[in-house]
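The values are calculated or read from the model by the stated rules, or taken from the named source; none is laboratory data. Please read these numbers as outputs of a predicted model, since none were measured by experiment. In case anyone asks, the SASA skips ligands and DNA or RNA and just uses the protein heavy atoms, side chains included. Shrake-Rupley method; radii C 1.70, N 1.55, O 1.52, S 1.80 Å.
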Amino acid sequence: MIAVVAAVLIIAIVVGFNALVRRRNRCDASWAQVDVQLVKRHDLIPNVVEAVKGYAAHERQSLQAVTEARSSAMSAQGPAARAGAEDHLTAALGGLFVVAENYPALKASDNFLDLQGQLASVEAGIAYARQYYNDAVLSYLNTRSTFPLLLVAHALRFGPREYFRAGAGTTEPVEVSLS
């Protein structure tokens, strides 16, 4: 009888451990997808800056703000720090696009329009990846926090994960009116 109870307990621990590992790995994989989208965004920004610089070189403050925000976003670690840095980058990009509004030739440039379209596409990808990551975190945290798996999670040191929370202004792609 004791052997049966011990076997059931061991099986439950193994099954619980495997569930936690799968969900933790899903969090890691989905965070990697968020990172891929953010890197795409970071890679586009120098092209946007150069396009604006070609038409509005004297707008140095806006160009520098975007460059500095991009650098900060690239070096931020973890979802919370990364979200804050990305919010700052989004605000700087918004300022750059406001500057671009003052240059009709820039707004009509095929290169600039293409870069805007690419950036909007990447922003949509970021929103999707962020949602997928947050869903993975929710699933992991629910599994980690429910009995009896919370005992397994605590004993085997399955730590919490944090959500990627976007601030105001980052929930929608950057939009610029070209009219």
Karplus-derived HN-Hα couplings along segment 74-87 (A = 6.51, B = -1.76, C = 1.60, θ = phi - 60°), whole Hz, x at Gly and Pro: 5, 9, 5, 10, x, x, 5, 5, 5, 4, x, 5, 5, 4
Correct option for mean projected area of the Cα convex hull in nm² [calculated from the coordinates] among [x] 12.4; [y] 9.9; [z] 11.2: [z]
Label segment 1-64 by shape, choosing from rounded, prolate and oblate, from the square roots a ≥ b ≥ c of the eigenvalues of the Cα gyration tensor; if a/c is under 1.5 it is rounded, and otherwise prolate applies when a/b is larger than b/c, oblate when it is not. prolate
Per residue, in Å², the accessible surface of segment 8-101 once ligands and nucleic acids are set aside, probe 1.4 Å: 51
As I understand it, the value is the acute angle between the Cα axis of helix 110-145 and the longest principal axis of the Cα atoms of the chain; what does it come to in degrees, rounded to 10? 20
How much of the accessible area of segment 40-179, probe 1.4 Å, is carbon plus sulfur, in whole percent? 54
Solvent-accessible area per residue for segment 109-170 (1.4 angstrom probe, square angstrom): 56
Vicinal HN-Hα couplings computed from phi for segment 32-38 (Karplus, 6.51 cos²θ - 1.76 cosθ + 1.60; Hz; Gly/Pro x): 4, 5, 4, 4, 4, 5, 5
Using θ = phi - 60° and the Karplus curve 6.51 cos²θ - 1.76 cosθ + 1.60, what whole-Hz ³J(HN,Hα) does each residue of segment 13-25 get, with Gly and Pro shown as x? 5, 5, 4, x, 4, 4, 5, 5, 5, 4, 6, 5, 5
